Each structure stands twice: as C-alpha cells, then as structure tokens.
Amino acid sequence: MSDSHVDALVFFGATGDLAYKKIFPALYAMVPAGKALGTEFGMAEEYPMASVGFGLVAEPAGVDAAASIAEMRGILENYAAKGVPEDLVDAAKRSEVAAAEFQRNSIPGLANVWSNALAAEGRTSPDEDVEALKKVTVADVDPRNSPRGKRILESMRKICLALPDTSEGLQFGQSVWRAGKKVFAQAYCYEERWQVGFWVGVHAQLLMTDDPRYTIPPYMGHNGWIALDVSKKHSERELQSLALESYRHFALKRMLAKLAS
C-alpha cells in the first residue's frame, strides 16, 4: 500500500521562460525544504503570450494538499501582480543568445540559424537575430511595465478605484476593475496597442465607432462593450465618463446609493 499520494496542479498564463526559470525552480525547492516528497513539472502547450503547464506534487498519505496548492498559487499570483522581473528577462536573453551561438557549432545547427534569420525573421544574418535578442527589455515582455502602460494603469486606477466598492484584479492576464464582483472596466495591450474597455450598450456602439479610436471588441462586443485605443494618448475626463457609465450598469443598488451620496 502506498504511503504517499500525488496532487496534480494545472496552471495557465505563464510563458515558457517564466515557467522554466522561475516557477519550476520555486516548486522544485519544495522538496529540499521538506514541503513535498517529490515534484514533476512540464509544459503542455507553449505560446508567445501565455502557456499551459502542469505540476505534480507527491506528499505523504493523509497530508492536506491545501498548503501545496497555496504555495503554487502564491508563486503564480506574485508574478501576475508584479509582472515579469528584470532578472528573469536578463536570464532568458542570456539563455537565448547562448543557444543561438551554440547552434553554429554544427553544420545542421548553422543551417538552422541562417534559415530562421532569413526566412522566419526576415533578417540578413543570424547576427541580427542575436542583436535583437540583446535589445529585449522588460517592457517588451510585459507591457504593463512600459512607461505608456504605467501611465494608463495609473489613470485607470485613479478613476475606477474612486468609485464605491470597487477593486482591481487580473483576468486572463489583463488588468480589470470590478464593481462588487462584476467587471466594469479593463485595460490590456494586444499587438503593441493599448486599449481600455467599458460597457456602453449596443446602441451606443454604433455611434461611437464613427470615431476610429473606438472599436467593438471580439467576444465581449455583442454584450455592449467598446474598446478605446489609448496607445498614443488618453484623456482622463473621457475615461472617467466611460467608467462611470459602465459602473452604473453593473453596480448594485446599495453601491449606486453610495455614489449618489
């Protein structure tokens, strides 16, 4: 009869480098720290912006898994809240540069780096690939840490959190603001474009999209949401008006009473 059991944890949202260089080592450390009998980790699917990973933690029979699950969540929530740290980006850059240089030591590897540079990246040589890797910054990896991202989030926090019973959180890696439990505003960067989203109603969408800054977002547009491009600049007065309208739509009566008073 086995004297241990295994808890399986599945997590979403971490990029491959983040998982391999930060999350996995932090979880492996549970063994020497006496928090687990053994651990196994792997990536199920990897994408540029988010990935799916899994972790197996072996514990003595009868041990409550809550502590291991809490530790896993703590590790993930730390990176979700604070963003990707600079030392991780530097480590990933060194790893990628070293791998690119090492590939040149064999004929197949040399052929691979040249074909990747010319065909996949549209560059003139592998050296340009290496130089591009060296120039990657924290802002490139996590737009929330860019100067523009920080200004947008600062404005959104000031406006949204000034309303009664509101809170800030993350949803699928995006910053969101809730009225009670319901999301009424969001900010995200997709394909190097910063956008903020609010509920305005289906009828208002038709009028607002005459302005090219406004678009109807996929997945949420049919529910009356609008997206405003704030990549270059934004007006806090405009954001405040949109946030207030959206808040009123989702807020409970007691919250609206606080707003009125």
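The values are calculated or read from the model by the stated rules, or taken from the named source; none is laboratory data. Since the structure is predicted, the reported quantities are computational estimates derived from the model, not experimental observations. Cβ atoms come from the backbone with ideal geometry, glycine included; neighbour counts cover every protein chain shown.
Here's the yes/no breakdown for (1) aliphatic (A, V, I, L, M); (2) surrounded by fewer than 17 Cβ atoms within 10 Å (Cβ to Cβ):
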position	(1), (2)
78	no, yes
106	no, yes
125	no, yes
152	yes, no
162	yes, yes
177	no, no
184	no, no
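Exactly one condition in (1) of a type outside the set (Lys, Arg); (2) closer than 23 Å to residue 188 by Cα; (3) at pLDDT 85 or above; (4) out of contact with any strand residue (DSSP E or B) (no Cβ under 8 Å at 6 or more places or on another chain) is not met by residue 172; state its number.
Just one mismatch for residue 172, condition (3).
Please identify the pairs in which a residue from the range 196-224 that is surrounded by 15 or more Cβ atoms within 10 Å (Cβ to Cβ) and assigned to a loop (DSSP other than H, G, I, E, B) has its Cβ atom under 7 Å from the Cβ atom of a residue that is at pLDDT 95 or above and charged (D, E, K, R), counting only partners at least 6 apart or on another chain.
200/245; 213/229
Only one of these is within 16 Å of residue 200 (Cα to Cα), assigned by TED's automatic domain parsing to the domain that holds residue 194 and out of contact with any Ser or Thr (no Cβ under 6 Å at 6 or more places or on another chain): 252, 242. Name it.
Residue meeting the stated conditions: 242.
Take the conditions in contact with a helix residue (DSSP H, G or I) (Cβ under 7 Å, 6 or more places away or on another chain) and either more than 25 Å from residue 85 (Cα to Cα) or surrounded by 12 or more Cβ atoms within 10 Å (Cβ to Cβ) (or both) and apply them to residue 140. Does it pass?
Criteria not met by residue 140.
Yes or no: residue 178 assigned to a strand (DSSP E or B), on the phi < 0 side of the Ramachandran plot and among the basic types (Lys, Arg)?
yes
Could you please give the count of residues in the range 108-117 that are aliphatic (A, V, I, L, M), more than 29 Å from the chain's Cα centre (by Cα) and surrounded by 15 or more Cβ atoms within 10 Å (Cβ to Cβ)?
Residues flagged as aliphatic (A, V, I, L, M), more than 29 Å from the chain's Cα centre (by Cα) and surrounded by 15 or more Cβ atoms within 10 Å (Cβ to Cβ) within the range 108-117 amount to 1.
Could we say that residue 246 is polar (S, T, N, Q) and assigned to a helix (DSSP H, G or I) here?
The answer is yes for residue 246.
Residue-by-condition table, conditions (1) acidic (Asp, Glu); (2) at negative phi:
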| site | (1), (2) |
| --- | --- |
| 113 | no, yes |
| 129 | yes, yes |
| 134 | no, yes |
| 153 | no, yes |
| 192 | yes, no |
| 197 | no, yes |
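Considering each of 116, 112 in turn, give the residue that is in contact with an Asp or Glu (Cβ under 8 Å, 6 or more places away or on another chain), over 30 Å from residue 236 (Cα atoms) and outside the structural domain of residue 227 (by TED's automatic domain parsing).
Exactly one residue qualifies, and that residue is 116.
Return the total of residues in the range 84-96 being crowded, with 16+ Cβ neighbours inside 10 Å and touching a helix residue (DSSP H, G or I) at 6+ places or on another chain (Cβ under 7 Å).
Here the count works out to 6.
As an exercise: evaluate residue 234 against (1) in a helix (DSSP H, G or I); (2) under 24 Å from residue 142 (Cβ atoms); (3) in contact with a strand residue (DSSP E or B) (Cβ under 8 Å, 6 or more places away or on another chain) and give the number of the one condition it does not meet.
(1)
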